[in-house]
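Report on one structure; see the data block that follows.
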Amino acid sequence: MSGASKMDCTTSKSQSEGALTILTPTLPFLKWAGGKQRLIPQYQAFFPPLETISHYYEPFIGSAAVFFHWQPRPATLSDRNEKLIEVYQMVQQQVTAVIDALQPHRNDPDYYYAVRAQDPQNLSPVERAARLIYLNKTCYNGLYRENSLGKFNVPFGRYKRPKICDVDRLCAASAALQGVNLVADDFAWVLDTAVAGDFLYFDPPYAPLTATSNFTSYHRHGFDAADQYRLAQTISGLTARGCKVMLSNSSAPLIYELYQQPPYRLIEIQARRAINSKGDGRGPVKELLILNY
């Protein structure tokens, strides 16, 4: 890596640490199915004031678009995809090494499939992080999907000039992640630690709108109706405890059923479907923002 890249990271980090109360919104360094970057302007009015939050939790980290934009402190980000959490840990702790490891990667189908076929267990944590970022930037639609054995199986994306190593975003993300607690665990673990005054934002795989639109099995463990019920029970427990909760989900009948009673508020949000096998299926779609406050 060039000296300029190292200087960029140093500058980005010092600016963030020197102004923790006036943080500049940061863009995600990963693409993710259902990422919320474009919806943040619609969410903005519903976030509780930062000064009223004791601790922020985001149990489905994905691209962490909400966290990177808002950057509340203190914060705990988690996901049961341990490979994803490792990427965030490496960007948090060893961003310069991650950038170094990303530099040799290239946008070529044969090379892509060779990298995809690698056994991650034979790589160092930094190399695994760089591999996942590379695959994310060059695979089809930026999708993360595993087969039943936990192996990444998304085809090559055929982008003309993907920005595989975005030094600025990686450096800014590393700065934003300083002091953040990163946990690899199921979402229900938050019941062990969250207390009254904490704010939790849940962005789980969405409930399918129809029986033929089920596209929630990005991770080998999947996320089905039983998980949606478990999530509703978890949110009920957090509500009884005095925690503030915001949940994003589809407008499927199941979601209306789970959150139709007070204290929940259901707010309709207009989103744009980004991943669909048919181009004409990527238009506006109604989603729900669910609040317990």
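The values are calculated or read from the model by the stated rules, or taken from the named source; none is laboratory data. What you see is a predicted model; the values in this text were computed from it and never measured. Cβ coordinates were reconstructed from backbone atoms using ideal geometry, including for glycine residues, and neighbour counts include every protein chain displayed.
Any residue in segment 219-231 that is modelled with pLDDT of 95 or more and under 30 Å from E51 (Cβ atoms)?
Yes, segment 219-231 contains at least one residue that is modelled with pLDDT of 95 or more and under 30 Å from E51 (Cβ atoms).
Just checking, which of S248, S236, S174, S148 is among the hydroxyl-bearing types (S, T, Y) and touching a Phe, Trp or Tyr at 6+ places or on another chain (Cβ under 8 Å)? Steps first, answer last, please.
Numbers: S236 fails: touching a Phe, Trp or Tyr at 6+ places or on another chain (Cβ under 8 Å); S174 fails: touching a Phe, Trp or Tyr at 6+ places or on another chain (Cβ under 8 Å); S148 fails: touching a Phe, Trp or Tyr at 6+ places or on another chain (Cβ under 8 Å).
Checking each option against the conditions leaves just S248.
Inspect segment 78-87 for any residue being crowded, with 19+ Cβ neighbours inside 10 Å and in a helix (DSSP H, G or I) and give the result as yes or no.
Yes, the conditions are met somewhere in segment 78-87.
Taking segment 114-159, which residues are part of a loop (DSSP other than H, G, I, E, B) and within 19 Å of R80 (Cα to Cα)?
Our first condition is that a residue be part of a loop (DSSP other than H, G, I, E, B); within segment 114-159, this holds for 117-119, 123-124, 143-145, 147-151, 153-155, 157-159.
Residues satisfying the conditions are L143, Y144, R145, N147, S148, L149, G150, K151, N153.
Does segment 137-144 include one or more residues that are closer than 12 Å to F29 by Cα and either out of contact with any helix residue (DSSP H, G or I) (no Cβ under 8 Å at 6 or more places or on another chain) or in contact (Cβ under 8 Å) with a residue 24 or more places away in the chain (or both)? Break it down stepwise before answering.
Going through segment 137-144, the residues closer than 12 Å to F29 by Cα turn out to be 137, 142.
If we keep only those that are either out of contact with any helix residue (DSSP H, G or I) (no Cβ under 8 Å at 6 or more places or on another chain) or in contact (Cβ under 8 Å) with a residue 24 or more places away in the chain (or both) as well, we get 137, 142.
Yes, that holds for at least one residue.
Only one of (1) farther than 26 Å from V154 by Cα; (2) basic (K, R); (3) not in a loop (DSSP other than H, G, I, E, B) is not met by R38, so which one is it?
Unmet condition: (1).
Quick grid of which residues meet (1) closer than 18 Å to F29 by Cβ; (2) free of Cβ contacts under 8 Å to residues at least 24 places away in the same chain:
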position	(1), (2)
I99	yes, no
H105	yes, no
Y113	no, no
D119	no, yes
V126	yes, no
S148	no, no
F156	no, no
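Of the conditions (1) at pLDDT below 95; (2) surrounded by 15 or more Cβ atoms within 10 Å (Cβ to Cβ); (3) outside any loop (DSSP other than H, G, I, E, B), L209 clears all except one; give me its number.
(3)
Being within 16 Å of the chain's Cα centre (by Cα) and either β-branched (V, I, T) or within 14 Å of W70 (Cα to Cα) (or both) is the filter here, so list the residues in segment 24-37 that pass it. Don't jump to the end; show me each part of the working.
Going through segment 24-37, the residues within 16 Å of the chain's Cα centre (by Cα) turn out to be 25-37.
Matches in segment 24-37: P25, T26, L27, P28, K36, Q37.
Restricting to segment 190-203, name every residue that is closer than 15 Å to R80 by Cβ and either modelled with pLDDT under 95 or out of contact with any strand residue (DSSP E or B) (no Cβ under 7 Å at 6 or more places or on another chain) (or both).
Here is the first cut: in segment 190-203, the ones closer than 15 Å to R80 by Cβ are 190-192, 202-203.
Matches in segment 190-203: L191, D192.
Test of understanding: among A129, A101, which residue is at pLDDT 95 or above, within 22 Å of G35 (Cα to Cα), in contact with an Asp or Glu (Cβ under 7 Å, 6 or more places away or on another chain) and surrounded by 14 or more Cβ atoms within 10 Å (Cβ to Cβ)? Give the steps one after another, and end with the answer.
Details: A101 fails: within 22 Å of G35 (Cα to Cα).
Criteria check complete, one pass: A129.
Tally up the residues in segment 160-206 that are surrounded by fewer than 20 Cβ atoms within 10 Å (Cβ to Cβ) and part of a helix (DSSP H, G or I), please.
Number of matching residues: 6.
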